[in-house]
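Undergrad: Would you mind keeping the following structure in view while I ask a few things?
The values are calculated or read from the model by the stated rules, or taken from the named source; none is laboratory data. Quick caveat, the model's predicted, so the values are computed rather than measured. Ideal geometry is used to build each Cβ from the backbone, glycine not excepted, and the neighbour counts take in all protein chains shown. With ligands, DNA and RNA removed, areas are computed over all heavy atoms of the protein, side chains included. Shrake-Rupley method; radii C 1.70, N 1.55, O 1.52, S 1.80 Å.
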Amino acid sequence: MSASGGTRAIVAALAANLAIAVAKFVAFVFSGSSSMLAESVHSLADSGNQGLLLLGGKKAQREATPQHPFGYGRERYIYAFLVSIVLFTVGGMFAIYEGIEKVNHPHPIEAWYWPIGVLVFAIIAESFSFRTAIKESNEIRGTLTWSQFIRRAKAPELPVVLLEDFGALVGLVLALGGVGLALATGDGVWDGIGTLCIGTLLLVIAVVLAAETKSLLLGEAAGTEDIEKIKAALVDGDVVTRIIHMRTLHLGPEELLVAAKIAVEGDDTATQVADAINAAEARIREAVPIARVIYLEPDIYKAEAAAKG
C-alpha cells in the first residue's frame, strides 16, 4: 500500500488497540465495570478493523487479469466498507446491549483503581495513535478542512483511522465519566449510561464511514483540481480544438480512468489525429500521474450532438 494509504497510521493504531484491549479486559475482570467491557470489545473490534485495512491494501496490489482488466485497486474500498460494518455490529451494538443490561441491573464497581488506571493509560496510548494519523493525513490534506478531507479523500484508510481514533478517545472520556460518576455516587447506573453513550458514538461513526465508503464503492470522479488539470492538458489548440465531453472514474485510490470525446478538424489526417491523441495522453499523465487508463475518441464538433452528451 502506498504512503497515501497511511500504513504507518494503521500499524500504530493496531499496536495501540491490541495493548489497550488487553488492559481494558483485565480491568473489567477485576472491577466488573460494563464500561470497561464495552471499551475492551471496542478496542478489539478496532484491532480487527486495522487488520482488514492492511489486508485490503495487500490485495489491492495484485496485477490486473483478463477477468479484472482494471486491476484490484477497489479492494481497498471494499475492506474499508467492511470496517464500518464491523464497527457497527461488534462495537456499537454490543456496547448498547451491555449498557441496557447495566442500567437494568446495576452493581457497584469493585477495585476502582483498575478501570481508572487503565483508562488513563488508554487515553495516552490512543493519543499517540491519533497523533500519528493526524501527521500522516496532514502530508496529503493540503488546504482542506478535516471534514472536507474525510468526505473527499480517495484513499479510505486514513479517514477510517482518523474517525476510529477520534471515536476511541471520546469513548474513553465517556467511559471515564461513567466510571467516575458511578464511584462518586455509588450508583452503578452511571456506568451503564456511559456504556450506552459509547455505543451511540460508535453507531454514529459507523454510519458516517459506511456512507463515505459506499460512495467510493459506487465510483467517484476525480477531484475538481485534477479535472481542471486534465482539461487544460487535453486541448492543444492545434489539432485538439475542444473537449466535447469527458468522464473520470477512480478505479482505486491511486488509479484514475479518463474517457473523453475530443473535437478535431475535419481535414486532419489520421496520422495527425493519432499523434495529437498520443501527445494529449502524455500531457494528461504528466499533469495528473494517477491518470493511468485514458481513452480518447476524436470527433467533429457539432453543438446539437454535444448538448445531448
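Undergrad: Just the number please: accessible area per residue for the chain, 1.4 Å probe, all protein chains included, in Å².
TA: Working: 14720 Å² over 309 residues.
Accessible area per residue: 48 Å².
Undergrad: If you find the alpha carbon centre of segment 193-219 and of segment 223-260, how far apart are they in angstrom?
TA: For segment 193-219 versus segment 223-260, the Cα centre distance is 34 Å.
Undergrad: The list (i) 20.5, 72; (ii) 22.4, 69; (iii) 25.3, 89 gives values of Rg and Dmax of the Cα atoms in Å, and only one came from this structure; which label was calculated from it?
TA: Recomputing Rg and Dmax of the Cα atoms in Å here gives the entry labelled (iii).
Undergrad: In a Debye calculation with equal point scatterers on the alpha-carbon sites of segment 128-212 and no solvent, what is log10 I(q)/I(0) at q = 0.15, 0.20 Å⁻¹?
TA: -0.62, -0.87
Undergrad: Next up: Build a GNM of the chain with springs between Cα atoms under 10 Å: which of N278, N49, N17 gets the top mean-square fluctuation?
TA: N278
Undergrad: If the elastic network links every pair of Cα atoms under 10 Å, which of L162, L181, L172 fluctuates the most in the Gaussian network model of the chain?
TA: Top of the fluctuation ranking is L181.
Undergrad: Which FRET efficiency, nearest 0.05, do D267 and R247 yield, Cβ-Cβ r, R0 35 Å?
TA: According to the calculation, E is roughly 0.80.
Undergrad: Sticking with this structure for a sec: Return the sequence-ordered ³J(HN,Hα) values of segment 241-257 in whole Hz as given by the Karplus equation 6.51 cos²θ - 1.76 cosθ + 1.60 applied to θ = phi - 60°, using x for Gly and Pro.
TA: So the J values, rounded to whole Hz, are 8, 6, 9, 6, 7, 8, 10, 10, 8, 7, 7, x, x, 10, 9, 10, 9.
Undergrad: In addition: By how many degrees, between 0 and 90 and to the nearest 10, does the Cα long axis of helix 157-185 differ from the longest principal axis of the chain?
TA: That works out to roughly 20 degrees.
Undergrad: Summarise the accessible area of segment 208-298 (1.4 Å probe, protein heavy atoms) by the percent that is carbon and sulfur. Show your work: numbers first, answer last.
TA: Values: 2340 of 4540 Å².
Accessible surface attributable to carbon and sulfur in segment 208-298 totals 51 percent.
Undergrad: Now for a different question. Take the Cβ-Cβ distance between T89 and L18 as r, set R0 to 30 Å, and report the resulting FRET efficiency rounded to the nearest 0.05.
TA: Numbers: r = 20 Å, r/R0 = 0.67.
Plugging the Cβ-Cβ distance into 1/(1 + (r/R0)^6) gives 0.90.
Undergrad: If we sort 27-35, 7-15, 96-104 on the protection proxy, mean other Cβ atoms within 10 Å, highest first, what's the order? Don't skip to the end; give the middle numbers.
TA: Values: 27-35: 24.9, 7-15: 20.3, 96-104: 17.7.
For the peptides 27-35, 7-15, 96-104, the packing ranking is 27-35, 7-15, 96-104.
Undergrad: I'd like the Karplus ³J(HN,Hα) series for segment 66-80: coefficients 6.51, -1.76, 1.60, θ = phi - 60°, whole numbers in Hz, and an x wherever there's a Gly or Pro.
TA: Each residue's phi maps through the Karplus curve to give x, 6, 10, x, 9, x, 10, x, 6, 4, 5, 5, 4, 6, 5 Hz.
Undergrad: Which whole-number percent gives the relative contact order of segment 1-113, counting Cα pairs below 8 Å spaced six or more residues apart?
TA: On the way: 117 pairs, mean separation 33.3, N = 113.
That works out to 29 percent.
Undergrad: List the relative contact order of segment 217-298 as a percent without decimals, with contacts defined as Cα pairs under 8 Å and 6+ residues apart. It would help to have the intermediate numbers written out before the result.
TA: Numbers: 122 pairs, mean separation 27.8, N = 82.
Relative contact order of segment 217-298: 34 percent.
Undergrad: Here's another thing I want to ask about it. Excluding H107 itself, calculate the net charge of residues whose Cβ lies under 11 Å from the Cβ of H107, where each Lys or Arg counts +1 and each Asp or Glu counts -1.
TA: Working: positive: K102; negative: E101, E110, D187, D191.
After counting each charged neighbour, the total is -3.
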